[in-house]
Amino acid sequence: MRWEILVPVALLLGGTASAHPGTLGRDGCHACRHNCEKLGLVAGARHCHPERNEQSMTAATAATGHKGSADKAETRNVAPEPVQERIAAFVVRVTDGDTFVVKTSEGEDKIRILGIDCPESSHNAKCERDGKQGRPSCDAQVPRGVDAKRVAQNLVEGKSVTLEGPFSRDPFGRRLAYVRLADGRDYGLLMVREGRCEDFGWKYPHPRSAAYRSPTP
């Protein structure tokens with residue numbers, strides 16, 4: 001909710017942003033440092049370039065003739081799952097279906113669930129903006145947002161969870177993290193598959209987007 005965050009990239013839409021230069025990390029991602037606004041990106045936000053990894057693998061295959069080796073490398077580089085960071089947390093309050101207040105060993109923190117976007121649970125600037133951009137209006141979002149918030153409260157409020165990385169902060173200072181329920185379920189995946197929230201990988205690619213787009217386990 002209220003986030004122009006995460007890894008904004010025009011990667012899935014093609015065009016200039018998907019082809020811009022810069023050294024990639026092992027996960028195929030890097031942070032935007034130059035001409036970010038022109039490219040449609042947020043300065044300092046990490047985003048990924050699987051298309052550049054794919055090009056590298058294709059070149060490696062052509063150079064060596066060992067397709068099997070390239071296939072193995074491609075498997076490693078497409079939609080990589082980084083080594084996970086984990087933090088034990090207690091959910092103090094659910095703000096929305098995708099925003100929690102938690103306590104960790106470091107103190108209280110606000111969490112924006114990585115990889116999903118839930119409908120707004122109250123009329124605000126974001127849902128008004130969505131309506132003007134052709135997405136659901138506040139009137140359409142709020143009933144669904146209230147329902148998503150209620151489900152989130154039943155699942156996590158007053159309970160222990162595990163925050164899973166890769167961690168970063170959005171422009172509002174919220175920690176971006178996946179949430180693992182005490183019974184082992186991935187909270188974001190559960191909310192997406194129940195139709196209460198959507199995978200936000202279409203706008204902000206994230207490591208679990210392929211699973212979140214899958215309609216069934």
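FYI, it's all coordinate maths here, none of it is from the lab. This structure is a prediction, so every number in the text was calculated from the model and none was measured. Here Cβ is always computed from backbone atoms with ideal geometry, including for glycine, and neighbour counts include all displayed protein chains.
Structural remarks
- The range 77-217 - percent relative contact order, Cα under 8 Å, separation 6 or more: 29 percent
- In a fully extended conformation the segment linking SER137 and ARG150 would gain 2.7 nm over its present Cα-Cα distance, using 0.36 nm per residue.
- With K and R counted +1 and D and E -1, the other residues having a Cβ less than 12 Å from that of VAL101 yield a net charge of +2.
- At an R0 of 35 angstrom, the distance between the Cβ atoms of ARG213 and VAL92 translates into a FRET efficiency of 0.65.
- Taking Cβ atoms as reference points and 10 Å as the exclusive limit, the residues near VAL91 contribute a net charge of +2, counting Lys and Arg as +1 and Asp and Glu as -1.
- Listed pairs LYS159/LYS203; LYS103/LYS159; LYS132/LYS203; LYS103/LYS126; LYS103/LYS203 exceeding 22 Å between Cα atoms: LYS159/LYS203; LYS103/LYS126; LYS103/LYS203
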